[in-house]
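To keep things clear, I will list the structure first and then write my remarks on it.
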Amino acid sequence: MVSEAVEVLWLRVIPGLPLLAALVIGLPAALFRARPSRGLAAGVSILAVAGSLGAAVLAFARLVGEESPRQLVDLVSTWVGVGVGRAIFSADLALCFDSLTAVLVLCIALLALLVLVYSVGYLEAMGRDDGGVARYFCYLDLAIASLLLLVMADNLLVLVAGWQGAAAFSALLVGFWYSEEPNARAANTSFLVGRIGDAGLLGATMLLFWATSEAGRPTVTLRTLAEHFDEISGLTLEAPGGGVWPLPVVVAVLLLLAAGSRCAQFPLQVWLPRATAAPAPAGAYLHGAALVGSGVYLACRLWYVLAAAPGVSHAAAWIGAATLLLAAVFAVAQTDLKKVLAYATVAQLGLVFLALGSGAWSAALYHLVTQSFVLPLLFLAAGAVMVSLRGREDMREMGGIRSKLPRVHASTWVGVLALSGVPPLSGFFSRDAVLAAVWGSELAGAPVLWGLAVAGTGVLTFALFRMLFLVFLGPTRMPPERRMTLRDPSDRLVYPMYLLWPLAMFGWLVGPSQFWGDLLVGGVQDSDSLARFVADAVPQTAVSAASGAWQRVGLHVLACLLGAAVAVQLYLRRPDLRLRLTERLGWLTRRLVERPFVDASYEHLVVRPLWRGARFAARRGIEEGLLGRVVLGGGARSLRFLAERVLRRAHDGLAQTAMVAALAGVVFAVALLLAGEG
Amino acid sequence: MAALAEWQLTVLILAPAATAGLLLALGGAARLLFDLEGLPVRVWRAGALLGSAVTALLAVATWWRFDPERSGHQLVEHLPWLPGLGLHYFVGIDGISLLMLMLTAFLVPVALVAVWGEVERSPRTFFFCVLVLETGALGAFASLNLFLFFFFWQSVLLPMTFLVGIWGGAHRIEAARRFFGFASFGSLSLLLGMLVLYALNFEQGGAWNLDFVPSPGSEALGILQTRVPVHTGEWWQTQRWLFVLFLVGFGMQVPLVPLHGWLADTQAEAPTAGSILLPVVGMAMGAYGLLRFVLPILPAAAAAAVPVMLGVGLVGLVYGGLLAIAQSDVKRIVAYGSMAHLGLVVLGLFSLNRHGMTGAVLQLVNHALFTGALFALLGFLVARRGTRELDEFGGLARPMPVFATGLGLAAFASLGLPPLNGFVGEALILLGAFEADPWIGVGALAGGILAAVYLLWLWRRVVLGPLTRPENRGMIDLDWREKLVVTAFVIPILWIGMYPNPLLRRIEPAVSLLLRQMEARVEIQPPELPEMLGSESAARRAPGRGAG
């Protein structure tokens, strides 16, 4: 039996309020062209999300007071129900609020609030109204509502709904400034890559339902699945070519596909750098934290499937490590400010994937939570820079704007330091939790994975400092007239960033591992409070305080310091050295920037073959050729032949022909009769 | 009033044709008495809309009278026609028919509003054709006599051919010829199959009869009780042969994969009203025929054909998607897309379990709604620009924001995004496919990605991007009439997506009755049939995928 969960009827308020706000803003605009002003649209959205956040805090307080397993549920309405008895498929619009959900809901709602405030100033400053303010807030509210629905879903079908909704609204926001062709294309790409993941998730859902109904307990409810997964983990699928696949392996592969496309893991990372076409605050929120985090949520929510397929999670770990290193290298080669951040996001997600693959679920979650405030801070700072530069993103045209934009400069420092893992800031502790888990894991090749990850963080640190120096320090590369018009962004852009500062710096306090807890002032017992809190949904990472902890930390810090030092050397002290180096390595960066080879291979391996196949099917090959010309044309020709040569002869109007035909008919009839007699 | 209640279904079926007849008669009177050329076009238009609106209201009344808790056919009405030959007027509905009736009755007035003042060539004939077509479709969905079904079916094909051939685009004659050629070939096949069944039924029951179930007060054997041999007897009397005949006949309309040659031409050239109606009066009717007649009458052949038919569905899904990707004509993209959708429906039907079949029926409704919405919107666009070439558009979101929103919604519904209606149907079909064969399900999922490719391609190329063509700069957004049409589509799209249970509650009993009927014809079932019928049976676990 499912353990009884407490029913709390107002949980629906949490995703409901942003949805309501979207309707209030969107419907009049769609139906009557009554466009709300920027202030009104933003006000409604902010109020709604603040309400969501308040409700989430209340729910959190309620949850803390509950007995284990702590779950609050809210059955909003029935949704899809087909079948009876053992074949019943029923998925209701039901919400569940447990510890894992609580953590993510709080992050999503809090960040959404800050981003909405920032959006007001951003849209105003970009001055590209496009009559799109209502559209912007409507899409963003719907994205927020979808994400909240996703993490609060009680069953897989609702989760799928939130999952796909979030991706769709994210794609719409990527294409928000649709009149520019690249933006429209980027929106398309991000939706299509997401679609691959959607198929994976839907497939996993269907397979889990199939398996549970085979086992006599048909369900897609997550709580039931978690409790009874061991009953179906032994099922197998017969492969078409012979051979047998264990069910958890197939489901885990599909889940990995879903989470991998959402978290922009190799080779599905192509969409995230292009998604920077979205307005900065929306990008900061969705592509820096909330949307990509939903992939991690999925993996944590269904951790037991991945845990039952060790081979697949092992592959995930390798994919994560490879993505981390690759994305860090790509980040170094970018000249576009937002693309650097996009690749930094991909790299961080690679690290999270590495943690997931090593079975360090709570470490993955911890890193996700701390990064959820750091990356948006950087994205917002980048947005503020762009606002000041009137939409320019090319770092080669920046430099030396520190004095003009002191507040943005300081915010970027905070972000870069926190992200690259300078010890008292949050990036360090959460990353260390992941690295410690890999260090201590039993995976084959764990040392190599660890090494890759540390190397990746080193390169990433270099990339981040490079970005910082290129944008703010050094000599300016701007034409003087543009330098004159440079203005400090408004307070509405800056204050949300200030609010992110403490979160970015000290977010790690939500639960450092016991290793660090012991070292804190006086030694804190049970310092890994986050992992403990979510323990009834996600197993705790057992990090052995194994030997070599200090070597581990030392090497990690060393790699980061090295990255930072190289950046200082190349971009501040010895620009001449850098110039010579770029000259030498120009071909490499060109490959990485102008036509990243991954994009090129997509073009060659996926897009063109699909296109050619489609054209072949439609034109020469099948549709017009085989079916059209051969079958249909042949049929028509033979009919015409019959009509012209045979039937026309019979109807030439001559009496003798008619007589012959009549005679033949009589003979035929008589023959038929005789045959019948005989 | 009592008579109306007693003959409600008949009134519903005949209302459109009666409207057409009345308008024709009034026209004759006007010509005789007032020396007019006929009734003014305005009167025809208003009369046609009124007639179809009344039909829609009658359909709603039928929805209220229909009891979803009862299984079997309801509102059965019977009238001997040629009793010696067993050709009765015999109608009645179950949940599946009910939905199809509702859908038809809903779409016709919407289609009429969509083309409101735009019919220039002999508009009176146009409205006449649409009304006759509606009666044909309603009658076919309610028929409980195979011959009556065939009769109504034929009375859809001819007006549809005229709609394409007279009011279509530049290549309308060719398209109409193609449509009619395919349709008559299919009808011939259907007729042959029907005759064989007729003969078999006579041999066994001693009376000529083509009633689906024995009609009230009749001794004759319904075709549902006709034994169609599996292995014994003449080759042309076996289930397999009959299955092929019926499959070709109905599959031509669905269209199943190698029989789809007419679809894109017809849909591209058809006037907007024709494009909106064809998904229900043509495609859905073909699928309905498979469901209503083929599956219960020929269960053994159907069950034996499951692997083939799942393959046909999957190929339709993938091949239709590929063809859609390669098109440069906006209407052809949607037409091939709808072929892909019907591939998915076939997949659901032949998964032979509750989930798949319920989803397939629901998806027929959904498909008619979102495809109708897409064709309506594209029709508005083509009416403004006079071209269907994709390259001629681009950036229309700026001058036509409402159009852009509508097209986006319809496209997203079509590619199965929750909470729009396509998602629920697709999910149920996939569920059924996974139960039938998990690998087919995986294939269908992968094929479904293609839908996103061509629909997003369409959306991006038409609506997004820069406004490159000067002709597009001054485009006027949808007016209130067009908005009304779009709203009429959007409301059920959203409603079914968020609250499909009222529909599912009506489909499912019909589907489970159908599965029971298939099982009940036990004397002819091959040994694996109970297993293929899955959900109901006890012995359902296939070897090899049981608990390990």
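Summary table below
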{"item": "Magnitude of the charge dipole, the protein assembly as shown, Cβ model with Lys/Arg +1 and Asp/Glu -1, debye to 20", "result": "3920"}
{"item": "Cα→Cβ-extended label distance, 7 Å offset, between A:Ala535 and B:Ser122, nm", "result": "8.4"}
{"item": "Gain upon complete extension [A:Leu519, A:Val630; 0.36 nm per residue less C-alpha separation]", "result": "31.9 nm"}
{"item": "On Cα atoms only, tilt of A:181-214 relative to the major axis of chain A in degrees", "result": "80"}
{"item": "Length released on extending from A:Thr78 to A:Arg492, taking residue separation times 0.36 nm less the Cα-Cα span", "result": "144.8 nm"}
{"item": "Cα-only Debye scattering, the protein assembly as shown: base-10 log of I(q)/I(0) at q = 0.06, 0.09 Å⁻¹", "result": "-0.55, -1.12"}
{"item": "Amide proton proximity set for A:Thr236, modelled H, under 5 Å, gap of 5+", "result": "A:Leu247, B:Gly548"}
{"item": "Directionally averaged projected area (convex hull, Cα atoms, segment A:40-97), nm²", "result": "6.1"}
{"item": "Sequence-distant residues sharing a close amide H with B:Gln74 (under 5 Å, placed H)", "result": "B:Ile93, B:Asp94"}
{"item": "Rg ratio (alpha-carbon, reference 2.2 N^0.38 Å) - segment A:87-231", "result": "1.26"}
{"item": "Charge dipole (debye, nearest 20) of segment A:64-210; +1 at Cβ of Lys and Arg, -1 at Cβ of Asp and Glu", "result": "340"}
{"item": "Solvent-free Debye scattering, log10 I(q)/I(0), computed from the Cα coordinates of segment A:597-670 at q = 0.27 Å⁻¹", "result": "-1.06"}
{"item": "Cβ-based charge dipole, chain A, positive-most Cα from A:Tyr122, A:Gly203, A:Met505", "result": "A:Tyr122"}
{"item": "Segment A:225-347: Cα Rg divided by the 2.2 N^0.38 Å rule of thumb", "result": "1.24"}
{"item": "Burial order of peptide ranges A:368-378, B:240-250 (average beta-carbon count within 10 Å, highest first)", "result": "A:368-378, B:240-250"}
{"item": "Exposure proxy order (Cβ contacts within 10 Å, fewest to most) of B:Ile173, A:Ile622", "result": "B:Ile173, A:Ile622"}
{"item": "Reciprocal of mean inverse Cα separation for segment B:349-396 (Kirkwood radius, Å)", "result": "13.0"}
{"item": "Contact order normalised by residue count of segment A:407-465, Cα under 8 Å, 6+ apart, percent", "result": "28"}
{"item": "Rounded to whole Hz, the Karplus (6.51, -1.76, 1.60) HN-Hα couplings of segment B:494-503, x for glycine and proline", "result": "6, 5, 5, x, 9, 9, x, 4, x, 6"}
{"item": "Average beta carbon contacts from partner chains per residue of A:155-167, 10 Å cutoff", "result": "3"}
{"item": "Largest to smallest principal axis extent of the C-alpha atoms in chain B, angstrom", "result": "70, 69, 41"}
{"item": "Modelled FRET efficiency - R0 22 Å, B:Thr232 with B:Ala199, Cβ distances, 0.05 increments", "result": "0.90"}
{"item": "Shape of chain A, Cα gyration tensor, a/c cut at 1.5", "result": "prolate"}
{"item": "Lys/Arg +1, Asp/Glu -1 at C-beta; chain A dipole; positive extreme among A:Gly243, A:Ala94, A:Leu147", "result": "A:Leu147"}
{"item": "Farthest positive-ward along segment B:33-101 dipole, Cα basis, beta-carbon charges - from B:Trp81, B:Phe66, B:Ser52", "result": "B:Ser52"}
{"item": "Long-range amide H partners of A:Ala94 with built H, under 5 Å", "result": "A:Val76, A:Asp154, A:Asn155"}
{"item": "3J(HN,Hα) from dihedral phi, segment A:107-116, Karplus parametrisation 6.51/-1.76/1.60, rounded to Hz, x for glycine, proline", "result": "4, 4, 6, 4, 5, 4, 4, 4, 5, 5"}
{"item": "Theoretical FRET efficiency, 1/(1+(r/R0)^6), r = Cβ-Cβ of B:Leu50 and B:Ala5, R0 22 Å, to 0.05", "result": "0.50"}
{"item": "Interatomic Cα distance distribution for segment A:387-450, bins of 5 angstrom, percent", "result": "4, 15, 15, 15, 12, 11, 9, 8, 8, 4, 0"}
{"item": "Relative contact order of chain B, pairs being alpha-carbon contacts under 8 Å that are 6 or more residues apart, as %", "result": "14"}
{"item": "Convex hull per residue volume in Å³, alpha carbons only, for segment A:333-383", "result": "50"}
{"item": "Segment A:417-481: mean projected area of Cα convex hull, nm²", "result": "5.7"}
{"item": "Exposure proxy ranking, count of Cβ atoms within 10 Å, fewest first, for A:Asp599, A:Asp526", "result": "A:Asp526, A:Asp599"}
{"item": "Inter-chain shielding of A:198-207 (mean C-beta neighbours from other protein chains, 10 Å cut-off)", "result": "6"}
{"item": "Folded to 0 to 90 degrees: helix A:156-174 orientation relative to chain A principal axis, Cα", "result": "80"}
{"item": "Computed [θ] at 222 nm, deg cm²/dmol, chain B (DSSP H ≥ 4; -39,500 (n - 2.57); rounded to nearest 500)", "result": "-22000 deg cm²/dmol"}
{"item": "Degrees separating the helix A:655-677 axis from the principal Cα axis of chain A, which is the longest one", "result": "80"}
{"item": "Segment B:49-151: C-alpha gyration tensor shape, a/c 1.5 cut-off, then a/b vs b/c", "result": "oblate"}
{"item": "Label-to-label distance, nm, for residues given as B:Ala207 and A:Arg580 (7 Å Cα→Cβ offset)", "result": "10.6"}
{"item": "Kirkwood hydrodynamic radius (C-alpha pairs) into Stokes-Einstein, segment B:370-485, 20 °C and 1.002 mPa s, D in µm²/s", "result": "139"}
{"item": "Per-selection Kirkwood Rh - segment A:297-377 (Cα, Å, 1 d.p.)", "result": "13.0"}
{"item": "Column: log10 I(q)/I(0), Debye, Cα scatterers of segment B:122-181, q = 0.16, 0.21, 0.26, 0.29 Å⁻¹", "result": "-0.52, -0.78, -0.97, -1.06"}
{"item": "Neighbour-count ranking [beta-carbon atoms within 10 angstrom, fewest first] of A:Asp491, A:Asp74", "result": "A:Asp491, A:Asp74"}
{"item": "Mean-position separation - Cα centroids, segment B:229-250 and segment B:40-56, in angstrom", "result": "44"}
{"item": "Kirkwood hydrodynamic radius of segment B:1-112, from inverse mean 1/r over distinct Cα pairs, in Å", "result": "15.8"}
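Quick note: the coordinates plus some simple rules give every number you see, no bench work behind them. Owing to the predicted nature of the structure, the values given are computational and were not obtained by experimental measurement. A quick note on method: Cβ atoms are made from the backbone with ideal geometry, for glycine too, and the neighbour counts reach across all protein chains shown.
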